[in-house]
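The values are calculated or read from the model by the stated rules, or taken from the named source; none is laboratory data. Since this is a predicted model, take the numbers as computed values, not measurements. Quick reminder, even Gly has a Cβ in these numbers, built from the backbone with ideal geometry, and neighbours come from all protein chains shown.
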Amino acid sequence: MSEFNMADMFGKLNDMQAKVKEAQEKLGEVTVEADAGGGMVKVKANGKREVISIEIDKDVIDPEDKEMLEDLVVAGVNKALSKAEEAGKEKMQDVYKDMLPGGGIPGMDMSKFGL
């Protein structure tokens, strides 16, 4: 491989890395919402799998049954984080589809790379 081709290859690699980094940063802009208990607990999370907010309906707050509220919060958070993970994977797959011919490397499990 000539020196020019090698330099071109490294240039493309740097471009790919920059696009991946930019997409990872934009994951914070992706927002998902999940609920538990028929909407009594609502959780928002971003594509980085960070919880943004939790809303709790006042009717579910019962000092005599705090375990139920704790369970609803855990369920809501887990649902939101699961949705956030899926949304993040989709966003990153779109980036890799644009970079790799055919949208990926045949036979390669992209989930190992968080995709």
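For residues in segment 19-36 being without any contact (Cβ under 8 Å) to a residue 24 or more places away in the chain and closer than 17 Å to residue 83 by Cα, which is surrounded by the most Cβ atoms within 10 Å (Cβ to Cβ)?
Looking at residues that are without any contact (Cβ under 8 Å) to a residue 24 or more places away in the chain and closer than 17 Å to residue 83 by Cα, I get 31.
Please work out which residue is modelled with the lowest pLDDT, limiting yourself to segment 63-85 and to residues that are charged (D, E, K, R) and surrounded by 12 or more Cβ atoms within 10 Å (Cβ to Cβ).
Of everything passing the filter in segment 63-85, 85 is modelled with the lowest pLDDT.
Would you kindly identify the strands (runs of 3 or more DSSP E) lying entirely within segment 1-77 that contain at least 3 residues that are under 29 Å from residue 93 (Cβ atoms) and of a type in the set (Val, Ile, Thr)?
51-56
Taking the condition of being among the small types (Gly, Ala, Ser) and either over 28 Å from residue 24 (Cβ atoms) or free of Cβ contacts under 8 Å to residues at least 24 places away in the same chain (or both), how many residues in segment 37-64 meet it?
The qualifying residues number 4.
Search segment 65-89 for residues that are more than 19 Å from residue 39 (Cβ to Cβ) and pair each with any residue that is aliphatic (A, V, I, L, M) when their beta-carbon atoms are under 7 Å apart and the residues are at least 6 apart or on different chains.
Sorted first by the residue in segment 65-89, then by its partner, the pairs are 87/30; 87/32; 88/27; 88/30; 89/115.
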